[in-house]
Amino acid sequence: MEFEAPVIDWAVLSPVLVVLAAGVVGVLIEAFVPDRVRRAVQVVLTLAALVGSVVAVALLWDRVATDGFAFVVNGTFLLTPFTLGIQAVVAVLAILGVLVIADRTRTGDDAFAPTAAAVPGTTYEDAAREAGLQQTEIYPLVLFATGGMLLFPATDNLIVLFIALEVLSLPLYVLCATARRRRLLSQEAAFKYFLLGSFASAIMLFGIALVYGFAGTVSLETALFRMAQPGGPILELMPALVIAGVLLITVGLLFKIGAAPFHMWTPDVYQGAPTPITGFMAACVKAAAVGALVRVVFTLSLGLDEELRRNLEVGLWAVAILTMLVGTVAGAVQTDVKRLLAYSSIAHAGFLTVAFVGFSETGAQAVLFYVLAYGLATLGAFAVVTLVREQDADGVVLGEATHLSHWAGLARRAPWLAAAFSLFLLSMAGIPLTAGFIAKFGVFSAAVVAGAWPLAVVGVLASAVAVFFYVRLIVLMVLTPPAEDAEGAQDAEVATEGQDAPDLAADGAGSSAAAGRTLAPARTLRRAPVVVLSSRGFATVAIVICAVGVVLLGVVPQLALDWAGQAASFRPVQP
Amino acid sequence: MEGMTMSSFPWLTALVVWPLVAALATVLTGAGRGRPASGAASGGGAFSAGSARTVALVGSLVQVALLVGAFGAFDTSTAGTHQLTETYAWIPALGASYAVGVDGVSLLLVALSVGLVPLVILAAWREQGGDHVRLRRYLATVLVLLSFMVVVFAARDVFLFYVVFEAMLIPAYFLIGGFGQGAQRRYAAVKFLLFSLAGGLVMLAAVVALYLQVPVDPATGLRPEDAFLTENLTGLALDPTAERLMFAAFFLAFAIKAPMFPVHTWLPDVTQNATPGTSTLLICVLDKVGTFGMLTLCLPLFPQASRWAAPAIIVLAVISILYGAILAIGQTDVLRLIGYTSVSHFGFIILGIFTFTSLGISGASFMMLNHGISTGALFLLAGFTIARHPRRSQQIADYGGMRKVAPVLGGTFLVAGLSALALPGLATFVSEIMVFLGAYARWPAAVLVAVPAVVLAAVYVLLTYQRMFTGEVGAEVVGAKDLDVREKTVAGVLVAALVVLGLVPGPALDYVREPAGVSVEHVGETDPEPVLGALEGSEQ
């Protein structure tokens, strides 16, 4: 037997390779670089690798856009313009995510446990904290996860799809467990995520096995051609096999984007994970998973006959409607800002699903723009959350002040931060002149073009409900007096604001009784319970970039729309 | 198409950009000094923030000068066509352009916005509890809102209109919730925002649907890059059901904005809790976007559906007219009362628009201007009255005999009130008569039912005047002073405008007559006879 070395076009692999290789180097750095400089080296390496990935994507752009695709080793790696677009979004968002992860704020602590291996509450943990240990393994883990995300939408091979899913998920399970504060909550979140995630992976793997059993191949394109073969209608032989297979693969992917009814993990995991990781997950994982979902579903839909495709569409309709409703309705009653943003991200998964139910290129374009707009706003919002902290009576800075009551009057303490956060919320709500509006416009247009106008109507109604809870948060930050004002005698407005206190209940009629109720105990605290930390620069840079991006994409979106339109071309690739 | 040939100076863009510059200048004036560390905002910061309000006032006056320039460049002989047009590609991928231009009606509404802002700034001179930093932010927000108002009235692109229509809610929301004086201002602001956004989002669905009705260019498979221009969306062959649905969505958004019965409930809460200046901008200008939208978007874009829905809308308009007037009589809070009178007046405007007669529509258009001035005068003068009360009470019962202590205030308030009840010789009378005549030609029953509102208006205006300004001087307002020079300027300008427009309405009517004819044409109706004779007659 003769062994023939496959010809591999390494250039096509470069966006992924750069990131994964940097991850490997990062592990070596952990072993060999001294403590003092390790963090700095890791941060620089991580950012450089991600920037390198963006550059690689840019260099590949023209080639892929002209040819329509680039193919490595029989489709185990497959670049299409859409894939490359998703990779660009993921890499750019990952850079911003790493900036937030790297920020240590003025306290000098990052968001991660000094030694994740220490059991919470033990003397070992205290010793590690006092020794000022740092968990710099975070950075290689982020790189591995990002590598998985870049690979996820970029393959024609279902086995590679599964591997990419695991490569992106496993580091995230670990990262979720590493929060510096509320460690039990963090570990619980990681465990939940791990269990449910493995379950979803198994379901997807089962689906892949069924498709393999049907088509005799793990290549999507080949399976597609086998399905569509005019001569031998094998689709008629075992339709149940392929239907179940496609369904299970779709379920596995829907789990990753957090679509209902597979969303249960999202609020708990988003709340428990260290906030910078939550932002990273919410923005990047969603982009990558939506990319993979769109690629798989679009490709498979080409091979299905009219009736089966109709069934798949109906399923997606149901998922989209359910997701939008669950996200917005449950989001409206949350009292924790991270859970609120988690439900908001569920709602956005619903809007994203609305975009591609018609399997049209317009839909793919809308998806690309949407993940970018949503990712910027979400990352920015979570970055703001990392800076708003609780403090105790002695002024010692504690964990994040995630309870909504703590956000009351934030605009007076930190007007710029509150303005940025309001901007992100307005963008998520889809208010014009922000990126979210153009994104939503694209999504609804795509739905109407595809004949799914009832979905667009439900989407509009869901948006109205979503606006309600975003605005509630803005009201809290901008219009509600901060808790300590009740006793701060120097403020000239105390008298009038005091009168306002009972009227919070009335406010509750407009927002929620919860805001009024939870404010009351906060008022009894002696010292301002909330402090806004200044960032060491990284998070500020990320917030500023996100804010500028949100405004630019909202006011002059033409370039991004052109780019998304260029990326959203789907031509079936000949295997 | 390219209006740049007519006049090279982009007057409208200047009117859009300048308020933003002025807002920036206002907010930066004295910004370097910062807030005194002690937290007491007056004192050290007084000098700098004092100049901020001057900057805002000067900025708004320069805007008035720009407006005069725009009027100079406008040709009234062709008031029915858009002039001063500017068209630039904005988001070609979505078919959206930055396209502005004004016909006679939009120019008058731009003039109303630009004209009211300096008066609002003057009226707000000592507001916000003496906190100059707050005042500075308030004035800057007002100027930003002014920029949006100019765009929304001048937009010739549905996408641009929609974007600004929604985006201007944000500054308006902060004006109510952040700078209001009522105890429930946050509640009012949230209610306002949610009502408006709900309507706006429904409209968004229709905007998307409308865009997709534009035929695709067979060569490229794409829709034209200026698909959203109003003229490109006019005269599309629409499926009747789709047209009705889209009309309903647009109309709902505009009815909430206007506000019209039964979606008006946010309005009294807002007027009660916002400052009188904010209410002036909101009710007198911003809400006109609702009726303006019905006139310039609903009618030409969905002519069939407009005719189809007209009977139902006329009924709702008549209910608004009567319901607003009756509820106004029952109010104890003077600002809430003025809010309800507006519900009644907006009913008149909507009635006029949906008569589909030149007379009714030009009356409605003229009334948009007059209502803005007379209600603005009522709000601002009520604000001056409230400022004279030691507790700043808004309760009518807390006043009495104000005319004796503040005769100028009493006199001007009476004139503004009489204009609100449409006394002949004052501006509102002309427009109200035109609406009635126009409506009578098509819907005589509606007019017969609505006419008693004139009597009800006399009741709520005169009763309020009687309780607040005549009789025994209220115990708490015994020492009140009369209007000072600043307040007299505000009151004087508004009263003069009411009298001039009432006695010589001809020049203003020149701006609205032709656009009204165009609207009737768009909707596919012809004027019933005799119309123009009656119009000339009413002008004496």
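Read-outs: derived from the displayed coordinates by stated rules, not from any lab. From a predicted model like this one, the values you see are computed outputs, not experimental measurements. Note that we place each Cβ from the backbone using ideal geometry, even for glycine, and neighbour counts take in every protein chain shown.
Observations
- Cα-based helix-to-principal-axis angle, B:334-353 vs chain B, degrees rounded to 10: 20
- Diffusion coefficient of chain A by Stokes-Einstein, Kirkwood radius over Cα pairs, 20 °C, 1.002 mPa s: 88 µm²/s.
- Summarising the label geometry, the points placed 7 Å from Cα in the beta-carbon direction at A:Val25 and B:Val499 lie 8.3 nm from one another.
- Peptides B:59-65, B:355-361, A:7-13 ranked from most to least packed by the mean count of surrounding Cβ atoms within 10 Å: B:355-361, B:59-65, A:7-13.
- Pairwise centroid distance, computed over Cα atoms, of region B:235-294 with region A:194-210, Å: 51
- Here the protein assembly as shown is treated as a Stokes sphere of Kirkwood radius computed over C-alpha pairs; at 37 °C and 0.692 mPa s its diffusion coefficient rounds to 105 µm²/s.
- Average beta carbon contacts from partner chains per residue of A:139-146, 10 Å cutoff: 0
- Kyte-Doolittle mean at least 0.5, axial Cα span of 30 Å or more - DSSP H helices of chain A: A:10-32, A:35-67, A:81-102, A:183-215, A:306-331, A:361-387, A:453-474
- Cα gyration tensor category, rounded, prolate or oblate, for region B:1-258 with a/c compared to 1.5: prolate
- Within the shell of other residues whose beta carbon sits under 12 angstrom from the beta carbon of A:Gln566, the net charge comes to -3, with Lys and Arg scored +1 and Asp and Glu -1.
- For chain B, the longest principal axis of the alpha carbon atoms and the long axis of helix B:358-387 meet at an angle near 20°.
- The packing ranking, built from the mean of other Cβ atoms within 10 Å per residue, places the peptides B:192-205, B:472-485, A:411-424 in the order B:192-205, A:411-424, B:472-485, highest first.
- Mean-position separation - Cα centroids, region B:317-392 and region B:103-142, in angstrom: 19
- Of all DSSP beta bridges confined to chain B, the antiparallel ones make up roughly 100%.
- Gyration tensor verdict on chain B (Cα atoms; rounded if a/c is under 1.5, prolate if a/b is larger than b/c, oblate otherwise): oblate
- For region B:302-534, the percent of C-alpha pairs falling in each 10 Å distance bin, counted from 0 to the bin holding the largest distance, reads 8, 32, 31, 18, 9, 2, 0.
- Mean-position separation - Cα centroids, region A:49-113 and region A:263-342, in angstrom: 21
- Inter-chain neighbour count for B:207-213: the average number of beta-carbon atoms from partner chains within 10 Å of each residue's beta-carbon is 4.
- Remark: region A:1-44 projects, on average over all directions, an area of 4.9 nm² (convex hull of Cα atoms).
- With a cut-off of 15 Å between beta carbons, the residues surrounding B:Gln304 carry a summed charge of -2, where Lys and Arg count +1 and Asp and Glu -1.
- Counting only aspartates and glutamates at least 8 places from B:Lys404 when in the same chain, those with an alpha carbon closer than 12 Å to its own are B:Glu472, B:Asp482.
- Taking the average, over residues, of other Cβ atoms within 10 Å as the packing measure, peptides A:192-198, B:119-125 rank B:119-125, A:192-198 from highest down.
- Counting Lys and Arg as +1 and Asp and Glu as -1 over every other residue whose Cβ lies under 15 Å from the Cβ of A:Val73, the net charge comes to -4.
- Averaging the sequence gap over all C-alpha pairs within less than 8 Å and six or more residues apart, then dividing by the number of residues, gives region B:1-258 a relative contact order of 21 percent.
- Lys/Arg +1, Asp/Glu -1 at C-beta; the protein assembly as shown dipole; positive extreme among A:Val54, A:Trp265, A:Gly207: A:Trp265
- Shielding by partners, peptide A:420-430 (average Cβ within 10 angstrom, other chains): 1
- In chain B, Cα pairs under 8 Å separated by at least six residues give a relative contact order of 15 percent.
- Helix B:407-420 vs. chain B, principal-axis angle (Cα, 0 to 90°, nearest 10): 20
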